[in-house]
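Working notes, beginning with the structure itself.
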Amino acid sequence: MFNGGYLGKILRVNLKSRKTSTEIIDENVYHKLLGGRGLAAKYYYEEIGADVKPFDAENKIFLFAGPLTGLTLPAPTKYQLSTKAPETGHYLCSNSSGKMGIMLKKMGFDGLILEDKCDDWTYLYINDGKIEFRDASEYVGMTTDKTIEGLKEKVGSKHASVLTIGPAAENLVKISYVCVDYRAFGRGGAGAVFASKKVKAIVTEGTGAIPASDPAKLLEIRKKAFPILRETRPNHTKYGTSQYISAINELGCMPTRNFQTTYFEGGDKVDHLTLYNKYLKGNVACTACPVACGTMAKVYEGKYKGAEARTEFESIGLLGPNCGIDDFGAVVAANQLCDEIGIDTMSGGNIIALGMELYERGLITKEDTCGIELKFGSGDALIEGLKKIASREGIFDLFAEGSLGVLEKHPEWKSYVVHVKGMSPAAYDSRGFYGNGLTYGTSSRGACHNVGGWTIRDELQSGKYDRFALEGKGALVAEIQDNRAYVDSLGVCTVVRGSMEFSANPKGDTMKAATGYDFMPELIEIGARIYTLERLILNREGVTRKDDMLPDRFLKEEVPSGPIKGQRLTEEMYNRMLDDYYDVRGWDKDGVVKSETVDSFGLAGVVSL
Ligand code: SF4
């Protein structure tokens, strides 16, 4: 019996009939799947069939907080979304900050399920559990920032949480993101799912208390964690994740000009020191986070003067070096544009980089690009191209369909389209870290370093691995994925997890103080159970070994220049890692979860299989 952390209820909203209902979650489900990502996977598994398309009325949006979301802890700000992804056509799990998860819990709910579609553009106003369907027509076409401010004013509350989408999502751009209080469910195109349901925004306000088993102990944990975080994460506070730009570049792993090579000669113009010395406006923190890794950059002079954006490693890498751009001002302006019009910075940077390569190879011309000279290195071309994606003009209408849409129309461009399962990669080139390749290949949502597992630190610094070796990478990637799956289910940020002893060898104090139950030793097993459930979903949707393969650029081309010139990760090498990984996971040679693996995780008791 839990006596804190969980609320035990979800709110289900039918957007068409406007009927709402509450449902009780069985306590055993929490024991087996923890919350957040675990619950988002369970409900998706049970309610979204393999044949449902992302924009069908039958697709649903599942939003789930974790047991620690909203409690008196460092950064208790995370919650999870699942839906069928427009970008990949498959299961999407996505994690965000913002206050919505906290608000849901303050209203007495662990989760919110949206089903069917509204007839007209609508925003939901959920105030302490009371739901209003309000006309959103005045906000249609409005950028995310203006919608957030407008809706806060409309409901008369500065403290309300606002989830919204931008104009790109309204045009069903398949790489559009969901903005929540200026944070993001970034990847997979979930923004377009909201748009397909004609939901422009959700405003939530809750005022109730979130119960905790031992509030005094939680406070003690928080008091201890804050100085630990300040001491152990100084570079996160000073530089944010931009701190990795120069290191990854010097290691020869920076995606450059659509992953054609892995070292960017202008790296020192877009790195953490450039940000810190010339562009930093200040830090931004998620709720109750002492790290405040959000580095708000501002352009103070030059062509892009006045642009402001919260920059981070992936956005800089993919809007900058991967588009051949060494003008930090242009990167900030492009980042701001993406945030406001509602395009995922990572997929946005990657798809423009693809366009630049196609243009430079003469495969598309100015006629296709609405007159834009879409060349590597041009900040203006990047910015204009992103705008045209949002408005779906010229060739950019095709780019708005994401990697899979491009390939469907032009299979002959396969060598240039860098993706796994339709999702373009994060800002690491797998030829520089073999474990990262396995990460991209086996991530539950496509070429993602978060869900797939961030191996870089282990491959570089642990002393246990050679980044160019194959041995041990299967077990390493599975372990990191399982750790991330349980942390994503807790409701705290992965950056601060260590301060609460949620490591690879977690301790149970925080869970005990929150819920009354310590979840020891089963946390890691829960992570593996969630990952297995996600693979069952993917298998049901037709995903097997063939879909876990890396793009041609990684497997068929050697790195042509830079610090790792000549480096290769061949198909044969990658397949060896994949075999190893499937063995560790208990999946068969085709990447299908074995029935004995399903049994070993006891999934039958918690998910209607
Ligand atoms: S570490 Fe960064 S992303 Fe995580 S909660 Fe803090 S500010 Fe947000």
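All of the numbers you see were taken from the coordinates with simple rules; none came from a lab. Only a predicted model underlies this, so the values are computations on that prediction, with no experimental measurement involved. Cβ coordinates were reconstructed from backbone atoms using ideal geometry, including for glycine residues, and neighbour counts include every protein chain displayed.
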Computed over the chain, the Cα gyration tensor eigenvalues, each multiplied by 5 and square-rooted, give semi-axes in Å (largest first) of 33, 28, 25
Determine the gain in length on full extension of the stretch residue 460-residue 55; use 0.36 nm per residue of separation and subtract their C-alpha separation, reporting nm with one decimal. 141.6 nm
For residue 297, residues with placed amide H under 5 Å, excluding near neighbours: 281, 309, 310, 311
Per its Cα gyration tensor (rounded if a/c is under 1.5, else prolate when a/b beats b/c, else oblate), segment 48-182 is best filed as oblate
What does the charge count near residue 13 come to, summing +1 for each Lys or Arg and -1 for each Asp or Glu among other residues with Cβ under 13 Å from its Cβ? +4
What list do you get for 395, 131 if you sort them by fewest beta carbons within 10 Å? 131, 395
Looking at the chain only, what percent of DSSP beta bridges run antiparallel? Nearest 5 please. 80
With Rg from the Cα atoms and Rh as the Kirkwood inverse mean 1/r over Cα pairs, segment 527-588 has an Rg/Rh of 1.10
Taking N as the number of residues in segment 434-605, the ratio of its alpha carbon radius of gyration to 2.2 N^0.38 Å works out to 1.09
As a test of understanding, state the convex hull volume per residue of segment 233-400 from its alpha carbons, in Å³. 100
Roughly what % of Cα-Cα distances in segment 387-534 sit above 20 Å, to the whole percent? 58
How many percent of the alpha carbon pairs in segment 173-312 exceed a separation of 18 Å? 72
Could you give the longest part of the chain that holds none of the GluC sites (Glu not before Pro) found in DSSP loops with at most 12 neighbouring Cβ atoms within 10 Å? 1-300
So which trypsin sites (Lys or Arg not before Pro) in segment 246-349 are both in a DSSP loop and have at most 13 other Cβ atoms within 10 Å of their Cβ? 303, 305
The answer for trypsin sites (Lys or Arg not before Pro) in segment 463-506 that fall in a DSSP coil and have at most 12 neighbouring Cβ atoms within 10 Å is 464
Residue 414/residue 22 FRET efficiency (R0 41 Å; Cβ-Cβ; nearest 0.05): 0.30
Partner lysines whose C-alpha sits under 23 Å from that of residue 152, ignoring same-chain residues fewer than 8 away, are 78, 99, 105, 106, 130, 197, 198, 200
Per principal axis, descending, Cα span of segment 181-258 in whole Å: 50, 46, 18
Could you work out the helix-only [θ] at 222 nm for the chain, with each DSSP H run of four or more residues adding -39,500 (n - 2.57) and the total divided by the number of residues, to the nearest 500 deg cm²/dmol? -11000 deg cm²/dmol
In nm, what is the difference between 0.36 nm times the number of residues separating residue 277 and residue 583 and their Cα-Cα distance? 105.3 nm
On the Cα set of segment 352-404, report Rg and Dmax in Å, please. 9.6, 26
Subtract the Cα-Cα distance of residue 599 and residue 284 from 0.36 nm times their separation in residues, and report this length gain in nm to one decimal. 108.9 nm
At what distance in nm do the modelled label points of residue 145 and residue 501 sit from each other, each positioned 7 Å from its Cα along Cα→Cβ? 4.3
